[in-house]
Amino acid sequence: MLPYFEERTAEQENGCRTWSLSQSTSGYGICTYKNKRWYTHRLSFKMHNGDLLPGMHICHSCDNKLCVNPKHLFQGTPKDNEKDKISKKRNVRGLASHYSKLTLQQIRMILALKGSGPAGHVGKLFGVSQQTISRVWRGATYKDELHSLIDE
C-alpha cells in the first residue's frame, strides 16, 4: 500500500483498506490529488497499476465502496460491472429496494387509474412524479410486481 493511502485508510479484518475521509453522496471515497478530484478506488488502481483504460470502470471484488486495496480492485467494462452486481444480488429493484416509494396496493390503484387522467395528477395523489406513474403504466418499473399482479 502506498503511503498516500496508508495514512488515510484503516485496515479491516477482511483485507479492505477503508478510506476514512471524504465521501461522495453515493458512498465512494473522494479526494483531491495533484489538483484533480478523484474517486479514491480509481486513484488507488491508477497508482498501483498505471493508467486506466478509457471508458472502463474500477470494480470492487469486496463490494466495499470505500475500499482502496488494489488487491480488491479490478478494471471492467460497464457491462462487466453490471454482471458483477447481478451475480452478487446487488441489483435490487421494485418493492425490495429501500428507495421504493410505492406499495403493492398503491401499484394496483395506479394501474386501475390508467386512462383516468394525466400521469402528473395521479402522481400527486401518491406523492411520486409523473415519470414514476408513466413508468408503472408502461410496465417499465416494478416489473416483478406487475408480473405477480397479472398472475393473480
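Here are a few things to note about the model shown:
- Amide H to amide H, with H built 1.01 Å from N, His57 comes under 5 Å of Gly76, Thr77, counting only residues 5 or more places away or on other chains.
- The chain: C-alpha gyration tensor shape, a/c 1.5 cut-off, then a/b vs b/c: prolate
- Max mean-square fluctuation residue, GNM over the chain, Cα-Cα springs under 10 Å, options Lys34, Lys46, Lys101: Lys34
- Ordering 16-26, 111-121 by mean Cβ neighbour count within 10 Å, with the highest value first, yields 16-26, 111-121.
- By the helix-only formula, in which each DSSP H run with n ≥ 4 contributes -39500 (n - 2.57) and the sum is divided by residues, the chain has a 222 nm mean residue ellipticity of -10500 deg cm²/dmol.
None of the figures in this text is laboratory data; all of them are computed from the coordinates on show. Keep in mind that what you see is a predicted model, and the values were worked out from it rather than measured. When we count neighbours, we look across all protein chains shown, and the Cβ atoms used for this are built from the backbone with ideal geometry, even at glycine.
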